[in-house]
Ligand SMILES: Cc1ncc(COP(=O)(O)O)c(C=O)c1O
């Protein structure tokens with residue numbers, strides 16, 4: 001028996017519909033989208049169709065979508081792209097202390113070039129305060145980058161409120177929507193963002209494909225130089241196969257958004273209720289309501305997360321802390337949320353998805369409960 005997969009925030013399987021949409025581009029359609037003959041036209045049309053599908057899901061124009069190799073590249077492109085294209089306006093960036101490394105590490109890199117970054121704190125639920133964002137703004141601030149939803153605890157940030165602040169102060173605003181897309185509504189106009197990152201493998205498309213929304217009129221410094229693909233913003237022959245997969249998955253996500261979210265929440269809440277009843281000492285991390293519907297980050301006090309994961313072999317989930325040779329490495333997110341050490345060290349992220357069943361949840365819960373009691 002394969003372990004029960006409760007790690008959908010790490011990655012998702014490719015859905016059958018997505019694989020079916022991609023298959024002709026493995027077997028048959030191989031043309032280079034830049035070629036003017038029929039082989040090229042076929043793949044060019046497929047890429048443009050996918051661009052429309054992605055754009056529709058986030059409510060923008062297809063011309064505002066650039067395909068990338070994933071969420072990491074989209075974040076790199078957005079942050080570096082704004083920083084280097086607009087450094088004549090200022091050198092200050094505002095972000096949060098709970099961003100993915102694909103944001104934090106880019107900001108750290110930019111510090112070598114004279115940029116300064118403010119890493120905003122979060123409250124005990126992992127929430128950024130929009131008033132802190134406004135208070136951190138300086139004359140030199142050119143970019144605010146705050147994630148839409150956190151990958152570890154699932155807290156959904158007040159992006160629309162921050163968007164209003166960014167607009168009021170005429171500052172570019174980027175959000176990393178790698179975790180939120182397909183789980184909650186993501187509408188670039190409602191959120192008031194100028195740039196938004198997408199990661200295909202978090203929503204049932206393959207790994208190695210993503211996209212960046214760039215609001216019309218916004219200038220970015222190029223990240224990858226070469227020929228003039230992707231509106232002359234991202235050089236390299238298009239990853240047609242996976243772009244088709246990303247497009248299809250966005251179409252499906254849009255059609256089934258509500259239905260999927262209900263399923264994610266039902267399975268997640270069932271897991272929580274079973275665990276909480278048997279183990280009342282556990283602590284739920286992340287915002288109680290403003291949280292991704294599939295994400296359940298739990299602390300099992302006085303237990304080591306990696307020991308627990310090693311014992312629950314029939315459940316695949318992620319640890320929020322790693323203990324090795326007497327040291328405990330707590331994730332930066334849990335640290336920023338000030339989770340007490342004896343809770344933080346025993347933190348596991350469970351994340352449900354499209355293929356999680358209620359009976360899987362019961363089996364997983366029983367195994368977790370037995371193991372925690374044993375440990
Ligand atoms: C919030 C967030 N941003 C960015 C990424 C990176 O995306 P990718 O794996 O497509 O590079 C991830 C993936 O773990 C993520 O959770």
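In the range 38-52, is there at least one residue being touching a residue at least 60 places away in the same chain (Cβ under 8 Å) and farther than 29 Å from residue 247 by Cα? Within the range 38-52, not a single residue is touching a residue at least 60 places away in the same chain (Cβ under 8 Å) and farther than 29 Å from residue 247 by Cα. Residue count for the range 175-210 satisfying the condition of being touching a strand residue (DSSP E or B) at 6+ places or on another chain (Cβ under 8 Å), more than 7 Å from the ligand (Cβ to nearest atom) and assigned to a loop (DSSP other than H, G, I, E, B): 9. Taking the stated definitions as given, is residue 252 touching a residue at least 12 places away in the same chain (Cβ under 8 Å) and either more than 23 Å from the chain's Cα centre (by Cα) or surrounded by fewer than 17 Cβ atoms within 10 Å (Cβ to Cβ) (or both)? Criteria not met by residue 252.
Test residue 245 against the stated conditions and say whether it is crowded, with 24+ Cβ neighbours inside 10 Å, in contact (Cβ under 8 Å) with a residue 40 or more places away in the chain, within 16 Å of the ligand (Cβ to nearest atom) and not in a strand (DSSP E or B).
Numbers: crowded, with 24+ Cβ neighbours inside 10 Å: yes; in contact (Cβ under 8 Å) with a residue 40 or more places away in the chain: yes; within 16 Å of the ligand (Cβ to nearest atom): yes; not in a strand (DSSP E or B): yes.
In short, yes.
Residue 112 meets all of the listed conditions (1) touching a residue at least 60 places away in the same chain (Cβ under 8 Å); (2) more than 16 Å from the ligand (Cβ to nearest atom); (3) out of contact with any helix residue (DSSP H, G or I) (no Cβ under 9 Å at 6 or more places or on another chain) but one, namely (1). If you go through the range 12-30 and keep only what is outside any helix (DSSP H, G or I) and surrounded by fewer than 18 Cβ atoms within 10 Å (Cβ to Cβ), you end up with 13, 28, 29, 30.
Collect the residues in the range 145-161 that are outside any loop (DSSP other than H, G, I, E, B) and either more than 16 Å from the ligand (Cβ to nearest atom) or not assigned by TED's automatic domain parsing to the domain that holds residue 111 (or both), keeping them in residue-number order. Steps first, answer last, please.
At the first step, the residues of the range 145-161 found to be outside any loop (DSSP other than H, G, I, E, B) are 145, 149, 155-156, 159-161.
Residues satisfying the conditions are 160, 161.
Of the strands (runs of 3 or more DSSP E) entirely within the range 37-136, those holding at least 1 residues that are under 28 Å from residue 249 (Cα atoms) and assigned by TED's automatic domain parsing to the domain that holds residue 26 occupy 65-68. May I ask you to say which residue of 62, 101, 121 is within 16 Å of the ligand (Cβ to nearest atom) and more than 16 Å from residue 143 (Cα to Cα)? Selected residue: 101, the only one of 62, 101, 121 that is within 16 Å of the ligand (Cβ to nearest atom) and more than 16 Å from residue 143 (Cα to Cα). Selection of the range 31-55 for residues being within 16 Å of the ligand (Cβ to nearest atom) and exposed (fewer than 14 other Cβ atoms within 10 Å of the Cβ) yields an empty set. Among the residues making up the range 70-90, those that are surrounded by 20 or more Cβ atoms within 10 Å (Cβ to Cβ) and in contact with a helix residue (DSSP H, G or I) (Cβ under 9 Å, 6 or more places away or on another chain) are 70, 71, 72, 73, 74, 75, 76, 78, 79, 80, 83. For the range 333-357: of the residues being surrounded by fewer than 22 Cβ atoms within 10 Å (Cβ to Cβ) and in contact with a helix residue (DSSP H, G or I) (Cβ under 8 Å, 6 or more places away or on another chain), which is nearest to residue 264 (Cα to Cα)? Looking at the filtered set, the residue picked out is 354.
When 152, 164, 190, 140 are checked against the criterion of being over 17 Å from residue 74 (Cβ atoms) and under 12 Å from the mean Cα position of the chain (by Cα), a single residue qualifies: 152.
I'd like to know if the range 218-240 contains one or more residues that are within 11 Å of the ligand (Cβ to nearest atom) and in the same structural domain as residue 127 (by TED's automatic domain parsing).
First, the residues of the range 218-240 that are within 11 Å of the ligand (Cβ to nearest atom): none.
Looking through the range 218-240, none of the residues is within 11 Å of the ligand (Cβ to nearest atom) and in the same structural domain as residue 127 (by TED's automatic domain parsing).
Okay, residues lined up against (1) touching a helix residue (DSSP H, G or I) at 6+ places or on another chain (Cβ under 6 Å); (2) within 20 Å of residue 181 (Cα to Cα):
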| site | (1), (2) |
| --- | --- |
| 231 | no, no |
| 254 | yes, yes |
| 260 | no, yes |
| 263 | no, yes |
| 277 | no, no |
| 285 | no, no |
| 294 | yes, yes |
| 298 | no, no |
| 301 | yes, no |
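For the range 258-281, a residue qualifies if it is touching a residue at least 40 places away in the same chain (Cβ under 8 Å) and touching a strand residue (DSSP E or B) at 6+ places or on another chain (Cβ under 8 Å), and the qualifying residues are 261, 268, 271, 275. Candidates are the residues of the range 283-296 that are closer than 16 Å to residue 338 by Cα and more than 16 Å from the chain's Cα centre (by Cα); the one that is surrounded by the most Cβ atoms within 10 Å (Cβ to Cβ) is 285.
The values are calculated or read from the model by the stated rules, or taken from the named source; none is laboratory data. Only a predicted model underlies this, so the values are computations on that prediction, with no experimental measurement involved. Positions of Cβ are generated from backbone atoms using ideal geometry, with glycine treated the same way; all protein chains shown enter the neighbour counts.
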